[in-house]
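Right, one structure below, let's go through it.
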Amino acid sequence: MTIQTEQLAQTLHRVRQTHPVVHALTNWVTAGDVANALHAIGARPIMASALEEVEEIVSRADVFVINVGTPDPLRIKAMLSAGYCANRLGRPVILDPVGVGASRFRMDSVQTILSALRIAVIRGNRAEIGALAGTGGQLRGIDSVQEPPDIHAAAKTLSQKTGAVIAVSGAQDLVVKGEMIVSVENGHPMMGQVTGMGCMLTAVIAAFAVVEPDPMVAAVAAMAFFGLAGELAVQQAKGPGSFRINLLDALYAMTPEELKAGAKLKD
Amino acid sequence: MTIQTEQLAQTLHRVRQTHPVVHALTNWVTAGDVANALHAIGARPIMASALEEVEEIVSRADVFVINVGTPDPLRIKAMLSAGYCANRLGRPVILDPVGVGASRFRMDSVQTILSALRIAVIRGNRAEIGALAGTGGQLRGIDSVQEPPDIHAAAKTLSQKTGAVIAVSGAQDLVVKGEMIVSVENGHPMMGQVTGMGCMLTAVIAAFAVVEPDPMVAAVAAMAFFGLAGELAVQQAKGPGSFRINLLDALYAMTPEELKAGAKLKD
Amino acid sequence: MTIQTEQLAQTLHRVRQTHPVVHALTNWVTAGDVANALHAIGARPIMASALEEVEEIVSRADVFVINVGTPDPLRIKAMLSAGYCANRLGRPVILDPVGVGASRFRMDSVQTILSALRIAVIRGNRAEIGALAGTGGQLRGIDSVQEPPDIHAAAKTLSQKTGAVIAVSGAQDLVVKGEMIVSVENGHPMMGQVTGMGCMLTAVIAAFAVVEPDPMVAAVAAMAFFGLAGELAVQQAKGPGSFRINLLDALYAMTPEELKAGAKLKD
């Protein structure tokens with residue numbers, strides 16, 4: 001499968017034109033960052049998490065994001081309830097298995113979600129994808145320390161088990177669906193020094209998946225876009241504080257033409 | 001009713017002098033933004049939300065903010081409990097009906113709050129005020145998309161039903177109390193690209209309502225102040241990231257004289 | 001006890017080398033700020049708060065932070081559960097008694113924590129430490145207004161009661177253990193205009209306590225480091241917005257040599 005950079009540019013353009021509504025049931029550490037990233041690209045966030053309203057909210061949204069950071073049993077229940085509704089209505093569901101290797105509770109919760117719901121894209125770092133694929137990958141803190149020996153194999157296994165596109169963040173991003181692999185070489189190491197980068201990227205993938213029916217293309221476009229924004233952001237940054245601000249500015253200001261010119265894909 | 005810009009300047013001056021304590025039972029997406037906005041103007045935030053302490057906390061605060069973003073039944077119960085206490089003690093209660101049109105649960109919760117408590121100011125966007133007034137205004141995401149046909153009529157109706165001052169944010173802000181209408185023409189479209197602007201504005205109105213006994217004047221002063229800060233913030237901004245930072249700086253640095261000179265009111 | 005500035009520099013150096021994993025059960029207002037501060041110094045945050053996973057998470061972390069802002073009964077239970085586990089495994093436990101004087105519920109919760117757990121460092125402002133020591137210190141809002149008459153005596157009393165190092169933030173920081181007192185004269189008044197400074201400092205102390213076995217030295221090092229970052233941050237700041245960004249940049253960029261040269265300790 002060859003994805004043209006022109007497709008990425010068109011996807012970004014359509015997000016900016018159509019203002020997709022993204023319902024994110026996301027952790028409370030980075031919820032503000034996620035909302036700001038969505039606003040910056042022209043999408044409209046809504047963060048409802050109560051069982052009493054998630055079905056109604058998701059039915060008015062264009063896509064549903066499940067982010068399992070700061071999980072608790074009630075939240076997991078709300079995720080399942082809204083996720084069923086999204087599946088029934090044909091809205092894409094995007095999963096971020098934050099820290100899935102860090103506790104039995106997270107692993108069980110994510111496994112329950114995966115067996116109950118049809119997921120369009122799973123976005124995680126190498127340790128999270130490795131842990132979910134059952135090929136190792138341990139977590140210390142919320143970031144990957146111990147990575148699985150063969151991330152390509154882990155992502156492929158997980159894609160086959162779940163039917164989802166697997167988007168793996170790292171020094172080199174990978175997007176995997178069955179036998180197809182695209183690697184995205186945008187990004188900057190500074191992105192590892194800031195909280196919420198992964199959560200923001202997952203939400204951006206969700207917004208892109210509203211306007212691009214092939215979730216593989218949507219994930220590649222979002223990862224190239226987000227990584228390129230990181231490259232632009234670092235140019236004027238003095239550290240992770242100014243980097244994070246510049247990133248939001250870059251998410252807002254980057255044109256489809258700049259994305260087309262700057263995206264670095266490799267089949 | 002004619003409000004003099006000199007009154008606005010004096011209100012800002014008094015906030016800076018007296019450091020009002022603002023108890024905000026606010027959503028967890030923008031709680032940090034709200035706290036930072038309050039700190040920037042010299043107020044002191046406290047964000048307690050547990051039933052076990054909200055009455056005691058509100059009794060030591062100068063004003064109580066109810067923000068129904070990310071609602072759940074326990075939070076609504078705590079809002080009512082603290083709200084009764086604030087009413088009994090004569091502290092103003094300010095309501096932000098975030099996303100009230102987005103779910104039956106939010107609408108019911110806000111209606112319960114409105115029938116149980118005496119509210120000094122309700123601050124919302126056009127869709128929220130329209131939905132509450134029962135004159136239409138649908139929500140997609142957390143921002144207004146479908147606005148009510150006649151926002152003046154909607155705000156007037158809501159003010160008459162509740163006795164509250166209605167502060168409506170938008171391209172042109174409106175402050176309505178019974179038959180009185182003041183419009184505030186400060187602000188910048190960039191404010192719609194950043195999360196938490198409405199929540200921050202509501203909290204600023206609350207701080208102003210501590211030092212200015214007429215909630216109509218307090219709301220007009222806060223909206224002119226906040227909108228003017230937005231105008232100043234955008235001058236050096238490259239996007240919503242730097243805009244948000246500049247806004248906090250402007251909230252902190254703006255002098256009463258600058259507010260007096262920059263406020264754009266229209267009766 | 002004389003602490004050499006060379007020790008502070010070495011402690012910072014070791015944090016940057018070893019990337020300590022900090023489990024913070026912290027309030028949702030400033031959780032993002034805490035995570036960003038930890039990332040900026042090279043530590044790895046994890047913010048789990050559910051009873052279902054805190055023991056497992058804390059057992060994989062290097063240190064445990066209890067921050068009682070936005071408390072509720074379930075969170076307090078999770079703090080105790082994770083705290084026992086940390087104590088059993090010999091991981092340091094750091095306590096931030098946010099707003100402890102603001103409600104009976106917070107005071108009771110903190111007292112329960114103090115009687116159940118062995119705490120290495122308690123970090124609070126003057127009012128919080130005074131309230132905990134039982135020598136007065138009332139809170140209005142989340143910041144100290146009424147300070148205890150003799151903060152040295154209050155900190156000494158609290159240290160003797162708990163066995164913990166007491167780190168008191170203020171215009172002049174104090175670090176007290178039994179009869180030992182070190183004062184740290186770094187910092188800037190702007191730090192009082194920004195939300196989450198105390199929470200961030202507590203987390204930085206926790207990261208330092210992983211690599212420096214003497215919690216007195218760790219607390220002094222962290223307070224000098226954080227205060228000096230504040231001094232650097234204010235130089236280019238136009239207000240609390242840009243100050244907060246510059247602070248994260250300074251936490252990231254400051255070298256051990258700069259800390260050694262800039263630390264202002266007084267026995």
Can you report the number of residues in the range B:1-20 which are surrounded by 24 or more Cβ atoms within 10 Å (Cβ to Cβ) and either without any contact (Cβ under 8 Å) to a residue 40 or more places away in the chain or aliphatic (A, V, I, L, M) (or both)?
3
For the structure I just gave you, tell me whether C:Gly134 is out of contact with any helix residue (DSSP H, G or I) (no Cβ under 6 Å at 6 or more places or on another chain), modelled with pLDDT under 95 and under 27 Å from C:Ala43 (Cα atoms).
no
Restricting attention to the range A:237-256, the residues that are more than 14 Å from chain C (Cβ to nearest Cβ) and farther than 23 Å from A:Leu174 by Cα number exactly 3
Give B:Gly187, B:Gly262, B:Gly163 a once-over and let me know the one that is surrounded by fewer than 24 Cβ atoms within 10 Å (Cβ to Cβ) and at positive phi.
B:Gly163
With C:Val194, C:Val176, C:Val220, C:Val234 as the choices, which residue is more than 14 Å from chain B (Cβ to nearest Cβ) and in contact (Cβ under 8 Å) with a residue 40 or more places away in the chain?
C:Val220
Near pairs, Cβ below 8 angstrom, 6+ apart or cross-chain, from the range C:55-84 (of a type in the set (D, E, K, R)) to any residue that is part of a helix (DSSP H, G or I) and surrounded by fewer than 24 Cβ atoms within 10 Å (Cβ to Cβ)
C:Glu55/C:Ser81; C:Glu55/C:Cys85; C:Glu56/A:Arg104; C:Glu56/A:Phe105; C:Asp62/C:Val210; C:Asp72/B:Glu52
Given the conditions (1) at the interface with chain C (Cβ under 10 Å from one of its Cβ atoms); (2) buried (at least 19 other Cβ atoms within 10 Å of the Cβ), and given that B:Asp96 satisfies all but one, which numbered condition is not satisfied?
(1)
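One line per residue, one yes/no per condition, for (1) of a type in the set (A, V, I, L, M, F, W, C); (2) farther than 19 Å from C:His152 by Cβ; (3) touching a Leu at 6+ places or on another chain (Cβ under 9 Å):
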site	(1), (2), (3)
C:Val184	yes, no, yes
C:Gly198	no, yes, no
C:Phe225	yes, yes, yes
C:Arg244	no, yes, yes
C:Leu265	yes, no, yes
Just name the residue that is nearest to C:Ala209 (Cα to Cα) out of those in the range C:37-58 that are in a helix (DSSP H, G or I) and either more than 7 Å from chain A (Cβ to nearest Cβ) or among the hydrophobic types (A, V, I, L, M, F, W, C) (or both).
C:Leu38
Taking the stated definitions as given, is C:Val65 outside any helix (DSSP H, G or I) and within 10 Å of chain A (Cβ to nearest Cβ)?
no
Residues that are under 15 Å from A:Val210 (Cβ atoms), more than 9 Å from chain B (Cβ to nearest Cβ) and among the aliphatic types (A, V, I, L, M), drawn from the range A:9-36
A:Leu12, A:Val15, A:Ala24
Unmet requirement for C:Arg88, which otherwise passes all of (1) more than 14 Å from chain A (Cβ to nearest Cβ); (2) among the charged types (D, E, K, R); (3) within 18 Å of the chain's Cα centre (by Cα):
(3)
Among the residues of the range B:103-119, write down those that are polar (S, T, N, Q), within 14 Å of chain A (Cβ to nearest Cβ) and part of a helix (DSSP H, G or I).
B:Ser109, B:Thr112
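The values are calculated or read from the model by the stated rules, or taken from the named source; none is laboratory data. For clarity, every value in this text was computed on a predicted model and none was experimentally measured. For neighbour counting, all protein chains shown are included, and Cβ atoms are generated from backbone atoms with ideal geometry for every residue, glycine included.
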